[in-house]
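To keep things clear, I will list the structure first and then write my remarks on it.
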Amino acid sequence: MMSPGRTASCRLLRPASWLSLLQGSQRSAGGAPRRELIKKHDLGKNELRPLYMDFQATTPMDPRVLDAMLPYQVNYYGNPHSRTHAYGWESETAMENARQQVADLIGADPREIVFTSGATESNNMAIKGVARFYQAKKRHVITTQTEHKCVLDSCRVLEAEGFNITYLPVQKNGLLDLEMLEACIRPDTCLVSVMTVNNEIGVKQPIKDIGQICRSKGVFFHTDAAQAVGKIPVDVNDWKVDLMSISAHKIYGPKGVGALYVRRRPRVRLEPLQNGGGQERGLRSGTVPTPLAVGLGAACSIARTEMEYDHYRVSMLADRFIQKILSEIPDVVMNGDLEQRYPGCINLSFAYVEGESLLMALKDVALSSGSACTSASLEPSYVLRAIGTDEDLAHSSIRFGIGRFTTEEEVDYTAEKCIQQVRRLREMSPLWEMVQEGVDLKSIKWTQH
């Protein structure tokens, strides 16, 4: 095993073996058994906790982050905005050090970092704040159909206020068509918002190219980078990003804190969502929680140091997992582009298997069938529908998340268990039996009674 200090190749590994296996199984399939809600289950006294393979929903806190936070929970508890005594000065120094650590990770100036409660607040601030500030002259916003729900809902709020919103479709691989984007930019466009790495299918958008287009058109560019910061190299100046949303709990930091990068030159102006004491340059009033800010800073510092090794290891484990699945199970579709992606987010559709049934069968592995923010819904993922996935395949999708603390044993166990349960569920499916007999399910005309 390589030590974190050693350098390793940071490129995405793409062995031809699993790519060829995948391409051979990319054919559409029929329906699945009745969909059921997964009921909440309390662990018994002697019951083991499931393996964790849902790193896109959240990550466990790195113990080094907790070590950095603890003194500010117990000993250094001053309000960082108190300027008249040592308690305040200590907390302010820690807060500003954390601001610098966040800025260093994304190539920004620390004065451009605004602490928030997380990426949802950052997205709301960026989209609503820019649109409302410039609404006298510009009332058009562009985003994509595969954005996080908080971005889409923020845009719907603006629509209710009279703004024009363009929801761009994406291609079948999940990537945005840059020519379509450029054609949609109008003289009254104030903002383009496109997420860096998709939280459901892991697709990585061409952010640098999008930034170049927006800068050439004089339009502000916001990106939700919650799933990208700390996992892939990010440079706000090279990418020409004007606003960027960051979340601590996606990069092994504490929940309840995040940041919004707001460019100073060329200056981006925001209308604040909440008012009060004028903290964070007047953009986000309220006392900054020093322990949480310190935790975000520590998480960013660790990610900056270990990003190359983490990416190498996650890529290795992801390739190991995909190879095992595709070599044993036919008719598996990998959703999203096969190359422009973050390797730790693997979204697979298992034809002729109901996704919720498979989740229930894999109860000793913590997984999800999509975004944690919408997983209570029985509707198929809107992201999968946006990339043109058939309804039945969308219902059969599972998202596997691999992260810093995932082990080879966990990957192997999950793959073997998944193979076993998919085979079992298919044996129970009449549709699978029909396909084995050579019946083309697309040619069947189903009748309702």
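Between LEU441 and GLN73, with labels modelled 7 Å along Cα→Cβ, what's the label distance in nm to one decimal, could you check?
According to this spin-label approximation, the distance is 4.9 nm.
Quick one: which residues, 5 or more positions from MET195 or on another chain, have an amide H under 5 Å from its amide H? H modelled 1.01 Å from N in the peptide plane, none for Pro or chain starts.
Amide H to amide H, under 5 Å and 5 or more residues apart or across chains, MET195 pairs with ASP224.
Summing -39500 (n - 2.57) over the DSSP H runs of n ≥ 4 in the chain and dividing by its residue number, what mean residue ellipticity at 222 nm do you reach, to the nearest 500 deg cm²/dmol?
-12000 deg cm²/dmol
If you count only protein heavy atoms and use a 1.4 Å probe, how large is the accessible surface of THR287, to the nearest 10 Å²?
Roll a 1.4 Å probe over it and THR287 shows about 70 Å².
Through the Karplus equation 6.51 cos²θ - 1.76 cosθ + 1.60, θ set to phi - 60°, convert the phi angles of the stretch 62-68 into ³J(HN,Hα) values in whole Hz; use x for Gly and Pro.
My calculation for the stretch 62-68 gives 5, x, 5, 5, 4, 4, 5 Hz in order.
List residues of the stretch 110-143, by number, whose backbone nitrogen lies under 16 Å from a label position 7 Å along Cα→C-beta of TYR167.
Inside the label zone: 141-143.
Given H placed on each backbone N at 1.01 Å, which residues far from VAL170 in sequence or on other chains put an amide H within less than 5 Å of it?
The answer is GLN145.
Quote the accessible area belonging to ARG313 in square angstrom, nearest 10, computed with a 1.4 Å probe and with ligands, DNA and RNA left uncounted.
30
Write down the percent of antiparallel bridges among all DSSP beta bridges whose residues are both part of the chain, to the nearest 5.
55
Provide the per-residue ³J(HN,Hα) series for the stretch 105-121, in order, calculated from phi with Karplus coefficients 6.51, -1.76, 1.60 and θ = phi - 60°, each as a whole number of Hz, with x at glycine and proline positions.
Once rounded to whole Hz, the list reads 5, 10, x, 10, 8, x, 5, 9, 9, 10, 6, 9, 8, x, 5, 4, 5.
Quick one: which residues, 5 or more positions from TYR352 or on another chain, have an amide H under 5 Å from its amide H? H modelled 1.01 Å from N in the peptide plane, none for Pro or chain starts.
GLY30
Determine the alpha carbon to alpha carbon distance for each of LYS128/LYS231; LYS324/LYS363; LYS240/LYS324 and list only those over 30 Å.
Checking Cα-Cα distances, LYS240/LYS324 exceed 30 Å.
Let me have the relative contact order for the chain, percent, based on Cα pairs under 8 Å that are six or more residues apart.
It rounds to 26 percent for the chain.
Consider the candidate values [x] 45, 25, 17; [y] 51, 28, 20; [z] 39, 27, 20; state which one is semi-axes √(5λ) of the Cα gyration tensor in Å computed from the structure displayed.
Computed from the coordinates, semi-axes √(5λ) of the Cα gyration tensor in Å corresponds to [z].
Per the 1.4 Å probe, what fraction of the accessible area of the chain, in percent, lies on carbon and sulfur atoms?
51
Mind checking which aspartates and glutamates have their C-alpha under 17 Å from LYS172, skipping anything on the same chain fewer than 8 residues away?
GLU147, GLU200, ASP337, GLU339, ASP390, GLU391, ASP392
Whole number in Å², please: accessible area per residue of the chain, 1.4 Å probe, ligands, DNA and RNA not counted.
Dividing the accessible area of the chain by its residue count gives 45 Å².
Quick one: net charge around THR196, please, counting Lys, Arg +1 and Asp, Glu -1 for every other residue with C-beta under 9 Å from its C-beta.
So the surrounding residues net to 0.
Out of the trypsin sites (Lys or Arg not before Pro) in the stretch 381-449, which ones are loop residues according to DSSP with at most 16 other C-beta atoms within 10 Å?
Passing sites in the stretch 381-449 are LYS445.
For the stretch 403-416, take each phi angle, set θ = phi - 60°, evaluate the Karplus expression 6.51 cos²θ - 1.76 cosθ + 1.60, and give the result in whole Hz per residue in order, putting x for glycine and proline.
x, 4, 9, 6, 10, 4, 4, 5, 4, 5, 4, 4, 5, 5
What FRET efficiency would be calculated for the residue pair LEU338, ASP188, taking the C-beta separation as r and a Förster radius of 45 Å, to the nearest 0.05?
Approximately 0.75, to the nearest 0.05.
Just to confirm the filter: which GluC sites (Glu not before Pro) across the stretch 301-408 are DSSP coil and have at most 14 other Cβ within 10 angstrom of their Cβ?
Passing sites in the stretch 301-408 are GLU339.
The values are calculated or read from the model by the stated rules, or taken from the named source; none is laboratory data. This structure is a prediction, so every number in the text was calculated from the model and none was measured. When we count neighbours, we look across all protein chains shown, and the Cβ atoms used for this are built from the backbone with ideal geometry, even at glycine. Side chains are part of the model used for accessible areas, which takes the heavy atoms of the whole protein and leaves out ligands, DNA and RNA. Shrake-Rupley method; radii C 1.70, N 1.55, O 1.52, S 1.80 Å.
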